[in-house]
Amino acid sequence: MNDEEKNMYSDEDLRLLQVLGEAAGEQPSAEETEKAWQQFRQQHRQRQNNRYIWASVAAAVVCLLALGLPFIGERTNERPIELYAALDVPSKTTTVEAGDSIVLATPPEQTAEVRLSDGTRIVLGANSRLTYPRSFALDAPREVRLSGEARFEVTHDADHPFWVISGEMRTEVLGTVFDVNAYPGNRARVILYEGHVRIGHQQEQLDIHPGQQAVLQDNRHLNITSVNLKQAGSWIEGLFDYDNMPLGEVMKHIGTWYNVSITAQSESFLERRIHFRFPRTASLNEVVTALNDLGVARITFHHQTLQVEKP
Amino acid sequence: MIWKKKTDDKTTAFEGLFRQQYPPLVRHATQLLGDPEEARDVVGEAMEQAWQRWDTLAEAQRASWLFTTVRHLALNRLKHRQVVTDHAEAIREATVFDLQARYWEHERLLRQAEAVVEALGEPTRTIVRLCYFEQNTYRVAAERLGISPDTVKKHISKALRALREALGKKGDER
């Protein structure tokens, strides 16, 4: 294969290697398969599509696509599923200096912008914490630590790689715009908008390209999938913007923004896909009311916790 | 009403096939074409054809029909690419045997290979993926991982040996 080293193999070995390569290759995620199927089905309209329910609420448009999938095993768990556990966060944005480091922390429903000594711009999401040096050392990589969510626009400097450490995941930047989402208890993920980054976790090391996201799976492996950048980046524009997103995921994002604990009764029900667009400046009550109006779920407050149940 | 019932049955049956086969077919086509987007197009096209001729496809042959069709469409695209890339050349060479191999033979091998790859873990898996899924040269794979081409070669040999053992073959015997 235009590679001398590869020519040392017999045809039979090359064939086996191709099969190994296939076995090691990425398949579309369940989410992508679902999307492909929905697209296919819509092109072969067999049924009246009366599953779109539209509702307009205040200045926002919220839409829902209940897909009517066969929800296999619609069992009710005895123990509620914890979607998001509220964190201990400050009530307003704080900047604390600790030695040579600065710790920036955000409260619920707010983002904060900071420019580092090298010109790198960072927008810190809600309920998040960023630790960075007052000024970067000349003889070391630029390193910052993140818990929560942030958008990075990194100033290119080939001599000083930029590292974001978030839990067990390390993102190495090679000049670029990307999001790191690493709230405690959620799967850590990196979404790349421009440029080129390298993700490291334990022995694993992978490069991702614009339009891809790397997610640290429950099995401790990194998984790369393509991502809709417009929606993924909507938080920076002050929007919840979800197209065909499982209800469970949407609820997690709501939890991370308002810092409210969320539990659910049934797992399969959380797989329902919804279309949802709403400004983040709205109060939690308004968001809950909008979701309830759609009839996709019954969301109620109990002891500071949002409970999600079937309608 | 009867017509509607029938098409609904078809939709339900097709949905099962689609959900089951879409991921592995896209993976297979991605390996052949070196482009996940084009792979999705090809699988979509094959699904479309399967939908059209649904009534003529016996249940037992649906999966193999889809597989063969995806291969056929993918290889056709490779042939029609204006510039015959090294990649296309390499794929055609390396898959001559596969063309003749029947679907089930490929499935059997693939299951074994998946088990082997799973058992070997990282970084072998990533190395195999870079070299034989994305079809990079050893040198490029080594650069991307920041390791030496020799290490890449060692991991590839290890994977090959493991698969051969799993298949009950000894050494280079053919």
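Table for the structure above
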| quantity | calculated |
| --- | --- |
| Residue ID - surrounded by the fewest Cβ atoms within 10 Å (Cβ to Cβ), chosen from residues in segment A:119-173 that are among the acidic types (Asp, Glu) and within 23 Å of the chain's Cα centre (by Cα) | A:Glu168 |
| Yes/no for B:Thr56 being among the hydroxyl-bearing types (Ser, Thr, Tyr), open to solvent by 30 Å² or more (accessible area, probe 1.4 Å) and away from chain A (no Cβ under 11 Å) | yes |
| Matching residues, segment A:214-233, being open to solvent by 20 Å² or more (accessible area, probe 1.4 Å) and in contact with a Lys or Arg (Cβ under 8 Å, 6 or more places away or on another chain) | A:Gln217, A:Asp218 |
| Test: A:Val288 is closer than 24 Å to A:Lys92 by Cβ and without any contact (Cβ under 8 Å) to a residue 40 or more places away in the chain | yes |
| Subset of segment A:82-96 [loosely packed, with under 13 Cβ neighbours inside 10 Å and of a type in the set (S, T, N, Q)] | A:Ser91, A:Thr95 |
| Entirely in segment A:241-310, the strands (runs of 3 or more DSSP E) that have 2 or more residues that are crowded, with 21+ Cβ neighbours inside 10 Å | A:261-264, A:273-279, A:305-309 |
| Meets criteria (closer than 23 Å to A:Gly195 by Cα and among the hydrophobic types (A, V, I, L, M, F, W, C)) for A:Leu146 | yes |
| Condition broken by B:Thr137, with the remaining ones in (1) modelled with pLDDT under 90; (2) at the interface with chain A (Cβ under 7 Å from one of its Cβ atoms); (3) open to solvent by 50 Å² or more (accessible area, probe 1.4 Å) satisfied | (3) |
| Leading residue by the ranking (modelled with the highest pLDDT) among those in segment B:22-38 that are open to solvent by 20 Å² or more (accessible area, probe 1.4 Å) and assigned to a helix (DSSP H, G or I) | B:Pro24 |
| Unmet requirement for A:Gly195, which otherwise passes all of (1) at positive phi; (2) free of Cβ contacts under 8 Å to residues at least 12 places away in the same chain | (2) |
| Failed criterion for A:Ser10 (all others in (1) surrounded by 13 or more Cβ atoms within 10 Å (Cβ to Cβ); (2) at pLDDT 60 or above; (3) at the interface with chain B (Cβ under 8 Å from one of its Cβ atoms) hold) | (1) |
| Residue tally, condition within 14 Å of chain B (Cβ to nearest Cβ), in a loop (DSSP other than H, G, I, E, B) and among the small types (Gly, Ala, Ser), over segment A:179-226 | 1 |
| Residues that are over 19 Å from A:Ser234 (Cβ atoms) and in contact with a strand residue (DSSP E or B) (Cβ under 9 Å, 6 or more places away or on another chain), drawn from segment A:263-284 | A:Thr263, A:Ala264, A:Gln265, A:Ser266, A:Glu267, A:Phe269, A:Leu270, A:Glu271, A:Arg272 |
| Meets criteria (open to solvent by 50 Å² or more (accessible area, probe 1.4 Å) and either touching a residue at least 40 places away in the same chain (Cβ under 8 Å) or outside any strand (DSSP E or B) (or both)) for A:Ile236 | yes |
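To keep it simple, each residue is scored yes or no on (1) loosely packed, with under 14 Cβ neighbours inside 10 Å; (2) in a loop (DSSP other than H, G, I, E, B); (3) more than 10 Å from chain A (Cβ to nearest Cβ).
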site: B:Glu118; (1), (2), (3): yes, no, no
site: B:Glu122; (1), (2), (3): no, yes, no
site: B:Asp150; (1), (2), (3): yes, no, no
site: B:Lys153; (1), (2), (3): no, no, no
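The values are calculated or read from the model by the stated rules, or taken from the named source; none is laboratory data. For clarity, every value in this text was computed on a predicted model and none was experimentally measured. Because the Cβ atoms are built from the backbone with ideal geometry, glycine has one as well, and the counts that use them run over all protein chains shown. What goes into the accessible areas is simple: the full protein's heavy atoms, side chains included, and nothing from ligands, DNA or RNA. Shrake-Rupley method; radii C 1.70, N 1.55, O 1.52, S 1.80 Å.
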